[in-house]
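These notes concern the structure reproduced below.
Readers should treat all values here as calculations from the given coordinates under stated rules, not as data from a laboratory. Source: prediction; values computed, not measured. Heads up, the Cβs are rebuilt from the backbone with ideal geometry, glycines too, and the neighbour counts pull from every protein chain shown.
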Amino acid sequence: MTGPFAPYLWVFTLLLFLRVIGQIVVVLWRPRWLPPMHQWQSGLLPYPLLLANQAVVLTLMVWICLEFTRGVGVFVHPKRSEMGRFVIWFSYLYLAGMILRYIVRMIERPDQRWFGGTIPIIFHCVVAAFLWTFGAYHVS
């Protein structure tokens, strides 16, 4: 059984999905009640490429969630403790990178403390939490 892991994976997936939808809404309609586009992406990737990457990540996350919900599939069985430990380690590294990114941003942009430009950072942390949960299942 996948125990309590599936609901958490679904929550993290839904959060990332809502971020992507919010970003699309901002690109298409620029509503005043959502932050402007420059707050949604770091600018490292052009938006079309970013959206394509987000679609790939979301597709993989949904696939994993579906397998955890059903309790069968390549992402669920067999449990792989070595892979799980690696994914947990990677999730810590990923989260540490986002914490460092946040610190650097706040040093470089003190005018935007505390939350300016943090949407990408926050949602990378959501992906790190997804990875940690996935890894924890395989180690459990």
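Using a Förster distance of 25 Å, how high is the FRET efficiency between residue 33 and residue 72, based on the Cβ-Cβ distance and rounded to 0.05? Could you put the intermediate results ahead of the total?
Working: r = 42 Å, r/R0 = 1.67.
E(calc), rounded to 0.05, equals 0.05.
Percentage of Cα-Cα pair distances in the range 5-139 greater than 22 Å, rounded to whole percent? Spell out each step's value before the answer.
Values: 3946 of 9045 pairs.
Taking all Cα-Cα pairs of the range 5-139, the fraction more than 22 Å apart is 44 percent.
If you build the Cα gyration tensor of the range 77-140 and take the root of 5 times each eigenvalue, what three semi-axes come out, in whole angstrom, biggest first?
Working: eigenvalues 190, 19, 6 Å².
So the three semi-axes of the range 77-140 are 31, 10, 5 Å.
Which value at 222 nm does the chain reach when only helices count, each DSSP H run of 4 or more adding -39,500 (n - 2.57), with the total divided by all residues and rounded to the nearest 500 deg cm²/dmol? Before the final figure, lay out each step's value.
Working: 4 runs with 98 residues, N = 140.
Rounded to the nearest 500, it is -24500 deg cm²/dmol.
Cα centroids of the range 27-64 and the range 88-140: how far apart, whole angstrom?
Going from one Cα centre to the other spans 16 Å.
Relative contact order for the chain: what is it in percent, counting Cα pairs under 8 Å that are at least 6 residues apart?
Here the relative contact order equals 40 percent.
Do any trypsin sites (Lys or Arg not before Pro) in the range 38-140 lie in a loop, going by DSSP, with at most 13 other beta-carbon atoms within 10 Å of their beta carbon, and if so which? Intermediate results must be reported in sequence, preceding the final value.
Working: sites: 70, 79, 80, 85, 101, 105, 113; in loops: 79, 80, 113.
Passing sites in the range 38-140 are 79, 113.
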